[in-house]
Structure formats: C-alpha cells, structure tokens
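Okay, so here's the structure we're looking at.
The values are calculated or read from the model by the stated rules, or taken from the named source; none is laboratory data. As the structure is a prediction and not an experimental result, all values here were calculated from the model. In this analysis, Cβ positions are derived from the backbone assuming ideal geometry, glycine residues included, and neighbour counts consider all displayed protein chains.
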Amino acid sequence: MAAAKNPRSAGAPAAPTARSNGDLRRARWDLEPLVEGANGEGARTRLAEALRRADAFAERYEGKVAELDAGAVAAAMAELEAIYELEGRADSYASLSFSIDTADPERGALLQHAQEAGTALQTRLLFFELEWTAIEEDAADRLLGAAELEPYRHYLRSARRYRPYLLSQPEERILSEKELTARAAWTRLYTEQVSSLRVELPQEARQPGDPDGPLSLEIALSRLLSPERATRRAAADAITVALQDGLRVRTYIFNTLMADKATTDRLRRYRHWLASRNLDNEASDESVQALLEAVRARYDLPQRWYRLKARLLGLGRLAHYDRSAPLGSEPEAQIAWGEAQELVRDSYHEFSPRLGELVEAFLGGAYIDAPVVPNKRGGAFCAYTVPSAHPYILLNYTGTRRDVLTLAHELGHGVHAALARPQGIFHFSTPLTVAETASTFGEQLVFDRLLAGTPDPAARLRLLGEAVDDSVATVFRQVAMNRFEHLCHTRRRERGELSVQAFAELWLESQREMMADSVELTGGYADWHSYVSHFIAVPGYVYAYAYGQLLALSVYQAYRERGEELVPRLLEMLAAGGSRSPEELAAIVGIDLADPGFWDRGLRLIEVQLEQAEALAGAD
C-alpha cells in the first residue's frame with residue numbers, strides 16, 4: 001500500500017568471518033549481527049523501541065506536516081529513517097530465520113510478531129505520508145527545491161505520485177491494520193504449504209547421495225536438468241503428483257488474494273489490476289504495455305529455439321519437461337561449492353576490483369546460506385536488510401552450472417546493495433524494473449568466462465544452449481506468466497472465484513501462446529503454476545524480470561562495445577540506488593528507456609544468441 005510503504009535496503013559489507021569456503025555444509029549464514037547477538041529477543045527489543053519512537057514521532061508531527069519548513073521535514077525524515085532501521089533489522093532477522101526452517105513454530109511465531117509489530121508501526125506512521133501528499137503542488141515543489149531535502153528528494157517526490165489513489169487517514173489506518181490478517185497471513189500460509197511439499201522420486205530420477213524417502217520440490221525440479229529423458233520424465237511425473245497435495249488450498253489462497261486485490265484496487269480507483277505495480281515500479285502503463293506487446297510479438301524466438309533443441313536432442317518435439325534439458329548426452333559435471341565461489345569471485349574482480357572486494361565480503365563472511373535442507377524456502381534471493389547491516393543471500397545449491405550462475409546473479413544484487421548504502425534507507429533499493437541490472441550483468445560476466453574457457457564446439461553449443469534457455473525463461477516465459485496473471489485477475493473480477501480447472505486452463509492457454517506447437521504440454525503440467533510464489537506474494541512482479549533482462553543485456557552490450565569506459569559509469573549507476581528514476585539511472589550508462597525501439601533492440605540481442613547456437617548446430 002502506498003501510504004504505508006516501509007522502505008528497506010541493504011548495507012555495506014562487514015568484515016568477513018573465518019570459515020571454510022569450500023564446505024557446502026558450512027555455508028550457512030549468521031543472522032546474529034542483525035540483532036547484535038541477542039537472537040529472537042534482540043528482534044523483539046528492537047521492535048519495541050521502534051514502536052516507542054513511532055509514538056513519539058506521531059505526537060510531535062501528526063497534524064502538523066503542512067506547517068513544516070524544509071529543515072523540519074528533513075529532521076522528520078531522519079527520525080523516520082532511524083525508526084525504519086530498527087524495525088528493518090528485526091524484521092529481516094525474523095523473516096530470514098523463518099526462510100531456512102519454515103516448519104519451526106518458534107521461528108514462525110517470531111515472524112508473526114515482527115509482522116504484527118510492523119503493521120502497528122506503519123499504522124502509527126502512515127499519517128506522515130498522507131499529510132505530505134496532501135500538500136498543494138506549489139508548496140511541495142518549493143520544499144523539494146531546498147538543499148536540506150536533497151537526501152530525500154526523489155523519495156518524497158515519488159510518494160506524491162500516489163496522491164490520486166490514497167484514501168482518508170481513517171480508511172488508510174483500517175487497511176493497514178487489516179493487512180496482517182489479509183494478504184500477509186495468506187502469503188505465509190502459502191509459503192508454508194509449498195515449503196512442506198515432498199516429492200516421491202522413483203529410482204530412475206534419483207542420484208547417488210540422495211537420502212531415503214521423499215525429497216524437496218527444489219531437488220525434484222533440479223532433475224529436469226538431467227541429460228536423461230527418462231529421469232526428466234520420471235521427475236516431472238512425480239512433481240505433478242506431489243503438487244496435488246494441497247492444490248485446492250493453494251488455489252483458494254490465490255482466489256482470496258485476487259479478490260482482496262480487486263477490492264483494494266477498486267477503493268483506490270486503480271484503472272486495472274497491474275496499475276499499482278506499474279506505479280511502484282515507476283513505469284508508465286504505456287511503457288509496460290509496449291514491453292509486453294514487443295515480447296509477445298517475438299514468440300517466434302522461443303518456438304524457433306525449442307524446435308532446434310528438439311532436433312539436437314533427437315526428439316520429434318519437446319515435452320514440457322525437456323525445455324531445460326542440456327544439449328549432449330553426457331551428464332553435467334558437478335561443480336563443487338569452492339570451485340563455484342572461485343569462478344564467480346574472479347569474474348567480478350576482473351571486471352572491477354571494487355566489485356571483487358564486495359563479492360569477497362559475501363563469500364568470506366557468513367552471509368550466504370547455500371545447502372538444500374528440509375523445510376528451507378526454495379529458490380534463491382538476496383535480502384537487502386537495512387543500510388547499517390550486511391545483505392544476505394539464500395541459495396539452494398545442487399552443483400549445477402545454473403546454480404553457479406544463480407550465485408553470480410544473487411551476488412549482483414548484493415554488490416548493488418553494498419554500493420548503494422550511502423543513499424540511506426529511502427533511496428537504497430531501486431524499482432523492480434532496474435533491480436535486475438547488476439544481477440543479470442554479473443551472471444553474464446560468469447557466463448562469458450565459462451564460454452571463453454570452453455574451446456570444444458559441442459561444449460560451446462551446450463553453453464550457448466543454456467544461455468538461450470535462460471533468456472527464454474527470463475524474458476518470454478515471464479511475459480507468458482504475466483499473461484496468465486492477467487487472465488486470472490481479469491476473470492476473477494468479471495466472473496468470480498476460479499476453479500482448479502479454470503486455473504489449469506488459463507495456465508495452459510498462456511503457455512501455449514508462447515510455445516505454440518514447439519512443445520507438448522502434457523496434462524499434468526496444467527497445475528505447475530501452483531508453486532510459483534510471485535503470483536501470491538507480489539502480484540504483477542514477473543514482467544520486471546523481462547524488463548530487467550532486456551535492460552541488462554543492453555548495458556552488457558554497451559560494455560562489450562565501449563570496454564573499460566563503461567565500468568565507472570555502471571558503478572555510478574549502482575551506487576545511485578533508487579535516488580533517481582529508472583530513466584535517469586539508465587541514462588548514466590547511455591541507455592534511453594524512452595526510445596520506442598529499445599525493447600526491439602534488446603530482443604535482437606537474444607536473437608543473436610540464438611543465431612550463434614544455430615550456427616554451431618549447423619542449422620540453415
């Protein structure tokens with residue numbers, strides 16, 4: 001909600017702690033620095049102090065914001081910054097602790113306490129943003145022109161964009177207080193449901209070292225990368241069966257959250273289901289629509305790739321579980337954790353010694369949680385925490401080359417956060433549309449290093465195939481998933497609650513539009529949408545991946561063309577955090593996001609990757 005936004009960001013690297021970099025089992029993060037070693041009690045203490053300071057802040061400023069001069073507004077913002085730092089440290093500790101063991105009731109209770117305190121805090125403080133946005137434009141412009149507000153200028157100006165969509169203060173307070181038992185509660189339930197899924201993999205989908213009994217969904221999904229089709233098919237069948245457990249509950253959660261969003265959008269007068277996400281991303285409806293249309297107009301690229309891949313794999317047509325299959329019959333060599341760290345560290349350092357230092361701080365300190373363990377949240381992410389603390393990275397490392405690239409990707413987020421630390425909590429994080437620039441750039445650095453060290457044509461083709469796979473997944477598949485969300489939210493608003501079957505039909509419709517007849521979508525695939533957490537936690541999020549990927553590819557192409565000249569400009573862009581608009585940030589590295597041809601040029605870079613793969617494959 002706009003009026004209750006609680007900006008949080010990441011911090012600069014702290015001194016690394018000594019530990020074995022090569023032992024995956026010991027690659028666990030230490031969250032105690034967030035609460036100065038006081039564990040859960042330290043989180044509760046900080047939340048109590050934040051609430052106390054919020055009460056004092058409200059007593060001092062409520063009803064008076066319009067009367068403040070620039071110096072007083074700056075003082076108020078500094079106090080808000082201190083309050084959010086306290087709350088952010090506690091909330092980060094609680095949420096990160098929960099993410100590595102979602103079945104632990106104590107961790108769940110602490111997370112609930114942090115969310116309840118966070119809601120109380122935002123409810124107490126939301127008056128400030130409401131009163132700020134209510135100030136007349138001329139008066140606000142005069143204040144924003146003052147030097148005292150320079151550290152907060154972009155945030156304060158951006159907050160005023162929500163002015164047409166805000167409700168009265170009592171109404172905003174009600175929505176804020178109800179949030180904890182609405183979206184937040186359903187999202188937590190969904191997370192626990194998905195994290196608890198267990199897949200009974202048959203023998204042909206198992207690997208040496210697998211424990212007896214059912215395995216996590218994360219491990220089962222990694223078997224789709226096997227060069228053996230029997231393994232992929234068996235894993236896919238087992239995943240389909242596992243997804244039936246709790247499917248109706250997950251469907252009900254999705255239905256409920258879509259209805260909740262529809263109500264909120266109606267009360268705020270948003271024109272369509274994606275409008276609030278575009279506003280948060282500082283992207284116009286027109287630019288987002290242009291992106292979506294440009295990508296959908298080039299669905300011939302993934303179809304062309306899938307047909308080539310089927311030929312290279314000796315198949316008449318790919319099945320959905322073949323899409324991520326490696327080219328070649330040899331099993332992919334496992335990359336040890338220590339080797340992965342060295343590769344990523346060297347790639348960043350070669351590009352920029354400064355970035356290399358920041359990466360080393362992650363790898364040398366207890367800031368990465370890497371092994372796959374029961375009840376751990378799936379996937380990967382970088383938690384920015386707050387400016388005074390170090391960011392943390394969660395992985396589920398299984399030793400594949402994609403896992404290495406995921407490490408590079410998340411470290412890109414990490415160094416972005418570290419460089420942006422001086423911007424403070426209000427300008428630390430960027431809109432989602434720009435947030436993927438450093439991560440995708442870093443991933444490309446590591447990929448190029450892998451490719452340069454691979455002279456064998458067949459191995460190079462395999463690597464290029466992975467690059468095209470990733471581009472298809474990040475650009476085209478994410479836009480197809482956005483299409484699925486669009487269909488679901490639209491139908492929910494027009495016809496009411498969707499059945500399990502309706503979700504399945506809309507999922508297949510959106511996927512078939514992208515793949516046409518190049519991929520066979522078997523019946524079981526119809527429910528695979530139900531483990532995609534973005535649909536639940538952040539509606540409308542997924543198009544930002546496509547936006548960010550095309551932007552990052554354009555920046556990387558500029559680096560190839562301009563070389564060392566671009567390095568300081570990229571570091572300047574990352575260090576700016578969210579202190580400028582996406583257009584202004586991209587302009588630092590010479591990218592014009594307002595250019596109507598920008599998306600087409602980005603898509604052309606993906607087509608070049610495909611053409612390189614076709615040339616190596618001897619395609620016409």
Since L355 meets every condition but one in (1) within 30 Å of E228 (Cβ to Cβ); (2) at pLDDT 95 or above, which condition does it not meet?
-> (1)
Kindly indicate whether Y392 is in contact with a His (Cβ under 7 Å, 6 or more places away or on another chain) and closer than 15 Å to A27 by Cα.
-> no
Selected residue (only one of D101, D91 is acidic (D, E), over 14 Å from A58 (Cβ atoms) and in contact with a Gly (Cβ under 8 Å, 6 or more places away or on another chain)) | D91
Any residue in the range 211-228 that is at pLDDT 90 or above, surrounded by fewer than 17 Cβ atoms within 10 Å (Cβ to Cβ), of a type outside the set (K, R) and under 21 Å from Q193 (Cβ atoms)?
-> yes
What helices (runs of 4 or more DSSP H) lie completely within the range 482-577 and have 3 or more residues being surrounded by 21 or more Cβ atoms within 10 Å (Cβ to Cβ)?
-> 500-515, 543-562, 566-575
Taking the range 270-329 only, how many residues are assigned to a loop (DSSP other than H, G, I, E, B), closer than 23 Å to Q609 by Cα and hydroxyl-bearing (S, T, Y)?
-> 3
Which residue, of A526, A544, is closer than 25 Å to W273 by Cα, in contact with a Pro (Cβ under 9 Å, 6 or more places away or on another chain) and in contact (Cβ under 8 Å) with a residue 12 or more places away in the chain?
-> A544
Please work out if A38 is over 30 Å from G338 (Cβ atoms), out of contact with any His (no Cβ under 7 Å at 6 or more places or on another chain) and at pLDDT 95 or above.
-> no
So is A594 surrounded by fewer than 21 Cβ atoms within 10 Å (Cβ to Cβ), modelled with pLDDT of 95 or more and closer than 30 Å to W273 by Cβ or not?
-> no
Residues within the range 128-172 that are buried (at least 18 other Cβ atoms within 10 Å of the Cβ), of a type in the set (G, A, S) and closer than 20 Å to A72 by Cβ, tallied = 2
Qualifying residues in the range 173-196 (those that are among the basic types (K, R) and under 30 Å from R250 (Cβ atoms)) - the one surrounded by the fewest Cβ atoms within 10 Å (Cβ to Cβ) | K178
Of all the helices (runs of 4 or more DSSP H) wholly in the range 160-245, which have at least 3 residues that are among the charged types (D, E, K, R)?
-> 169-179, 183-195, 229-243
Which one is surrounded by the most Cβ atoms within 10 Å (Cβ to Cβ) among residues in the range 416-446 that are out of contact with any helix residue (DSSP H, G or I) (no Cβ under 6 Å at 6 or more places or on another chain) and in a helix (DSSP H, G or I)?
-> A417
Across the range 324-342, what is the total count of residues that are modelled with pLDDT under 95 and buried (at least 16 other Cβ atoms within 10 Å of the Cβ)?
-> 6
Do the conditions hold for R560, that is, is it free of Cβ contacts under 8 Å to residues at least 12 places away in the same chain and under 29 Å from D448 (Cα atoms)?
-> yes
Test: residue in the range 78-87 that is at pLDDT below 95 and either closer than 30 Å to R266 by Cβ or part of a loop (DSSP other than H, G, I, E, B) (or both) = no
